[in-house]
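First up is the structure itself, then whatever we jot down about it.
Bear in mind these aren't lab numbers, they're just calculated from the coordinates by the rules spelled out. Nothing here was measured: the structure is a model prediction, and the numbers come from that model. Note that each Cβ is placed from the backbone with ideal geometry, even for glycine, and that neighbours are counted across all protein chains shown.
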Amino acid sequence: MSADSAVLDPSQKSSEELRAQMHGIGRAARAASAQLALASGADKVKALRAAAESIRRGSADILSANAKDMETARTKGLSNAMLDRLALNTARIDTMAAGLEAIAEMPDPVGRALAEWERPNGLKIARVSVPLGVVGVIYESRPNVTADAGGLCLLAGSAAILRGGSESFHSSGAILTCLHTGLRAASLPETAIQRLPTNDRAAVGMLLTMNEFVDIIVPRGGRGLIERVQAESRIPVIAHLDGLCHTYVHAGADRQKALDIVVNAKMRRTGICGATETVLIDRAVADTHLPPILTALLDKGCEIRGDETVCKMQSRAKPAQPADWDTEYLDAIVSVRVVKDFEEALEHIALHGSNHTEAIVTEDAATAEAFLTRVDAAIVMHNTSTQFADGGEFGMGAEIGISTGRLHPRGPVGAEQLTTYKYIVRGSGQVRP
């Protein structure tokens, strides 16, 4: 069956019919998860490598599907940043395939002994990693998430039910076809990776209540999507919330290093969650360090929304409004504020940050360590670009998202983070007195 052959036309399907098909997907995923839990590491690696090969061979089909999505997206008036997130080219397709190969190189996260000990009564206890079961992944725009999420769940021994954004429907379908080719090559069930059969939002609502089939939900997208999922889900949620990231240029920063880092952190790719949205800079170095940063950003087409000091320093800057400090632009826009000192910078981050990624630029080692210790975020960085907030860059092969919550997992969610554990107790006839 092709990736799109089971797509429903919502106008032709009643709610009952859609629910029946959704439950069929859930039952198939649950059955597939039982098979995947017992699959060997070698079989999972074989499937991943075959999927990567299929993506490379199917590059023309994927690009053709993406062209349909891009045409529709332009017609709908999506922003340039959103179009960039959606767009695929040969290089990005190759990166997608390489991501699957990188996942295949990772150690099998299933069956690891996380801890072992023996009790005085002779009981031997082990805490062992096991698959989560069935993972529902809801995401927007970026079609490569189809490959990343499917590949990571596969290595983690869990079945995946995917719901990509409607804007990437054709692209995701073409990628899913390649993932199924990989599963067949390893004699694993194609139902180990499925997607919702329709763009109807009602299907998402049904997925969020299918706790008899689905063990965890991972939403990846904007605040509206995350809030809806958290409000409606009857299933535990690993939330990937806003990437309202700050880069703080401390008084001890090297000027050239600060310039290079800030420009990269904002402008390398403006539409990703690791892009810096607010730049903070100490008043002590604002006159020397800030003008070249502002000029470089403006020359690259970035709109600057600054506080009073910034606007006086750079005539092309626009006055920042209160909402700017709480906005994830995902575009070539940045808010800039001059702060009194380290403490004021930390106060700003605590008030306006989203617990995603925060960075400091400084040559002062003590201040850097204080920043890394005191800032509450899933990822904290010193002297590097926030654009490195990515599971692939962390050596995790790929990521399914970056969790901004406090409970496990936190930060990039790779294959290891998509496992849970159970306790195995071995005895020799002990009974409890």
Item to check | Projected area, mean over directions - segment 62-120, Cα convex hull, nm² | outcome: 7.3 nm²
Next on the checklist: Within segment 359-386, name every residue whose backbone N is under 11 Å away from a label modeled 7 Å from Cα of Ala284 along the Cβ vector.
Outcome noted: 363-364, 367
Item to check | Value of [θ]222 nm, deg cm²/dmol, for the chain, DSSP H segments ≥ 4, -39500 (n - 2.57) each, nearest 500 | outcome: -13500 deg cm²/dmol
Next on the checklist: Which entries of Lys257/Lys318; Lys257/Lys300; Lys76/Lys300; Lys266/Lys300 have Cα-Cα distances beyond 22 Å here?
Outcome noted: Lys257/Lys318; Lys76/Lys300
Checklist entry - Using modelled backbone amide H atoms (1.01 Å from N, in-plane), which distant-in-sequence or interchain residues come within less than 5 Å of Tyr421's amide H? => result Val130
Checklist entry - Taking H as built 1.01 Å from N, whose amide H comes closer than 5 Å to the amide H of Val336, not counting residues under 5 places away? => result Val279, Arg305, Gly306, Asp307
Next on the checklist: Through the Karplus equation 6.51 cos²θ - 1.76 cosθ + 1.60, θ set to phi - 60°, convert the phi angles of segment 161-170 into ³J(HN,Hα) values in whole Hz; use x for Gly and Pro.
Outcome noted: 10, 9, 9, x, x, 4, 5, 10, 4, 5
Item to check | log10 of Debye I(q)/I(0), alpha-carbon scatterers only, for segment 126-193 at 0.14, 0.16, 0.25 Å⁻¹ | outcome: -0.41, -0.52, -1.09
Item to check | Tail weight of P(r) past 32 Å, computed on alpha-carbon pairs of the chain, percent | outcome: 42 percent
Checklist outcome for this item: If N is the residue count of segment 245-393, its Cα Rg over 2.2 N^0.38 Å rounds to 0.92
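Computed FRET efficiency, Cβ-Cβ of Ser40 and Glu347, R0 30 Å: what is it to the nearest 0.05? Can you show the working numbers first?
Numbers: r = 52 Å, r/R0 = 1.74.
The calculated FRET efficiency here is 0.05.
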Checklist entry - Mind checking which of Arg49, Arg85, Arg119 has the largest fluctuation in a GNM of the chain, springs on alpha carbons under 10 Å? => result Arg119
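Between Ala231 and Ser14, what FRET efficiency comes out of the Förster formula 1/(1 + (r/R0)^6) with R0 = 22 Å and r the beta carbon distance, rounded to 0.05? Intermediate values should be presented prior to the final figure.
Details: r = 25 Å, r/R0 = 1.15.
Efficiency for this residue pair is about 0.30.
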Item to check | Amide H contacts of Ala160 (H built 1.01 Å from N, under 5 Å, at least 5 apart or other chain) | outcome: Val135, Ile193, Gln194
Checklist entry - What angle, in degrees between 0 and 90 and rounded to the nearest 10, separates the Cα long axis of helix 342-352 from the longest principal axis of the Cα atoms of the chain? => result 50 degrees
Item to check | Within a Gaussian network of the chain (alpha carbon springs, distance under 10 Å), most fluctuating of Glu116, Glu416, Glu358 | outcome: Glu116
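Mind pulling up the Rg/Rh value for segment 374-414? Radius of gyration and Kirkwood radius, both on Cα. Mind showing how you got there, number by number?
Working: Rg = 10.3 Å, Rh = 10.7 Å.
Radius of gyration over Kirkwood radius for segment 374-414 works out to 0.96.
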Checklist entry - Among the lysines, which have Cα under 29 Å from the Cα of Lys44 when same-chain residues fewer than 8 positions away are ignored? => result Lys422
Next on the checklist: To check you understand DSSP bridge types, tell me what percent of the beta bridges within the chain (both residues inside) are antiparallel, rounded to 5.
Outcome noted: 30 percent
